[in-house]
Amino acid sequence: MPHACRLRVSADAASGALAALGRLCAEHAGPVPVFVHVLLLEEEVIVRSRAFRVSPESPFVAAAEAILGPGAVVVDHVGSV
């Protein structure tokens, strides 16, 4: 069972990508919390969304990766390392 959905966003694409991701998260609302990982030059900032929880099934992952790029979505499952 998924317990977190992690979205990796580069800082240069953040503003446009975040607006599109907000719409996508609203369309795929569900029980799983969303964590946005903003990738800066020398660090990574992780923000937990208070506004969105998603159902991170294949259609959501495919649409999010179309916005962010392949491999940018990670769904953590209970018991995964």
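Quick notes on this structure:
- Normalised radius of gyration (Cα atoms, divided by 2.2 N^0.38 Å) for region 2-77: 0.98.
- Structure-based [θ]222 nm, the chain - -39500 (n - 2.57) summed over DSSP H runs of at least 4, per residue, nearest 500: -9500 deg cm²/dmol
No lab work stands behind these numbers, since they all come straight from the coordinates. Since we're looking at a predicted model, the values are computed, not measured.
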